[in-house]
Amino acid sequence: MKITGTFLDEVTHDIPSQNWGRHEWAADFEVMRDVGIDTVIIIRAGYRESAIFNSSVLREHRPMLPVRENLAQLFLDLAHQNGMRLFWGIYDPGDWHRNTEYALHLNQAFMREVTELYGDHPAFAGWYITFELSRNDPDQVDLVMAAGHHAKMLCPDLPTLISPYIAGVKAPDGDETISREQHEHEWGAIFGKIRECIDIVAFQDGHVQYLELPHYLTMNMRLAREAGMACWSNVETFDRDMPIKFPPIDWRKLEFKIDAARESGVDKLITFEFSHFLSPYSIYRAAHTLFRRYCERFGLHRVVERAEAARLARFAQP
């Protein structure tokens, strides 16, 4: 079971920008296609004062940095050219978990603007609700529900996706780690609330210990099935165990997580995220070798050869 979807993280939050332009993005989309990726997900179309296109809605609400390159149009066009579908991630004001009413009000207008500008593009295939749930916090769950319902109102036939995280020992709020039983209880309740407006759930897989992960994958799969939702796994290709944020993951860990997800019966594997941590064009040299190990596992030797030739042709310094 290969990774067939990836987030696109260009409005970077806690990983460095690669400073790519059209040339570099086109090369990366081509190699994504060659390894079998058919789905790309904009993780956020805006974060605080940054955005991937010049949004009049966002500029009305707050000062924004200028956008010199319309990455929204670029990503949609590259997805279409490479036979991929694109899920659109909404705007993150940076404090959404503390000010849910503001985050919803702003995104309702923003999502209308996105629909008017890009909703007819042939690659526009769904919405990613970027707010990352973990616990059964009523305000946060209500925000995700309201954003999901708004997406359904704007585009009734398109699916909605979320990628929550488990409140495990590696979570940002690790002091509030909960048991598997508590996770099951809380997410059973959450699924009961969001099932009418969220179609796909893709839990991040990096916040628990590796030997615990198969239990969580199986549990999450069962809960999603009971709620009538598709269940993907967000197989993180970066390492949370290192003292720095964030290097490409050790291949042996990634292989373990891929196998565990496959054995749990999930519908699809996606990752955060190909371009930084698994691409042969990444700024991280370790991503290049991780790409080779991944391709070796799935018999994609010719993809490695083509990518290396393309890298030399496209990126070699004069």
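The values are calculated or read from the model by the stated rules, or taken from the named source; none is laboratory data. Remember, predicted model here, so these are calculated numbers, not experimental data. As a convention, Cβ positions derive from the backbone with ideal geometry for all residues, glycine included, and neighbour counts pool all protein chains shown.
Restricting attention to region 27-50, the residues that are over 19 Å from the mean Cα position of the chain (by Cα) and surrounded by 16 or more Cβ atoms within 10 Å (Cβ to Cβ) total 2.
Looking across region 101-112, the residues that are surrounded by 15 or more Cβ atoms within 10 Å (Cβ to Cβ) and either more than 17 Å from Arg59 (Cα to Cα) or out of contact with any strand residue (DSSP E or B) (no Cβ under 9 Å at 6 or more places or on another chain) (or both) come down to Leu104, Gln108, Ala109, Arg112. Restricting Gln140, Gln81 to those that are within 21 Å of Phe203 (Cα to Cα) and more than 18 Å from the chain's Cα centre (by Cα) reduces the list to Gln140.
Determine whether region 225-240 contains at least one residue that is in a helix (DSSP H, G or I) and either farther than 28 Å from Gly192 by Cα or modelled with pLDDT of 95 or more (or both). Scanning region 225-240 turns up at least one residue that is in a helix (DSSP H, G or I) and either farther than 28 Å from Gly192 by Cα or modelled with pLDDT of 95 or more (or both).
Only one of Arg68, Arg44 is of a type in the set (Lys, Arg), under 22 Å from Gly148 (Cβ atoms) and outside any helix (DSSP H, G or I). Can you tell me which?
Every option except Arg44 fails the conditions.
Of all the residues in region 60-95, those that are touching a helix residue (DSSP H, G or I) at 6+ places or on another chain (Cβ under 9 Å) and either surrounded by 20 or more Cβ atoms within 10 Å (Cβ to Cβ) or among the charged types (D, E, K, R) (or both) number 17.
Once region 137-185 is narrowed to residues that are among the polar types (S, T, N, Q) and within 30 Å of Thr115 (Cβ to Cβ), the residue that is surrounded by the fewest Cβ atoms within 10 Å (Cβ to Cβ) is Gln140. Checking every residue in region 200-211 against the condition of being touching a helix residue (DSSP H, G or I) at 6+ places or on another chain (Cβ under 9 Å), part of a helix (DSSP H, G or I) and over 19 Å from Met145 (Cα atoms) gives at least one match. Test Ile37 against the criterion of being in a loop (DSSP other than H, G, I, E, B) and among the β-branched types (Val, Ile, Thr), and give yes or no. Against the criterion (in a loop (DSSP other than H, G, I, E, B) and among the β-branched types (Val, Ile, Thr)), Ile37 qualifies. Of all the criteria given as (1) assigned to a helix (DSSP H, G or I); (2) under 23 Å from Ala125 (Cβ atoms), the one not satisfied by Glu10 is (1). Among the residues of region 119-135, some residue qualifies, meaning at least one is touching a residue at least 24 places away in the same chain (Cβ under 8 Å), out of contact with any helix residue (DSSP H, G or I) (no Cβ under 6 Å at 6 or more places or on another chain) and among the aromatic types (Phe, Trp, Tyr). Filtering region 51-58 for residues that are surrounded by fewer than 18 Cβ atoms within 10 Å (Cβ to Cβ) and either part of a helix (DSSP H, G or I) or modelled with pLDDT of 95 or more (or both) leaves a non-empty set. Filtering His288, His276, His301 for residues that are under 23 Å from Ala27 (Cα atoms) and in contact with a Pro (Cβ under 6 Å, 6 or more places away or on another chain) leaves a single hit, His288.
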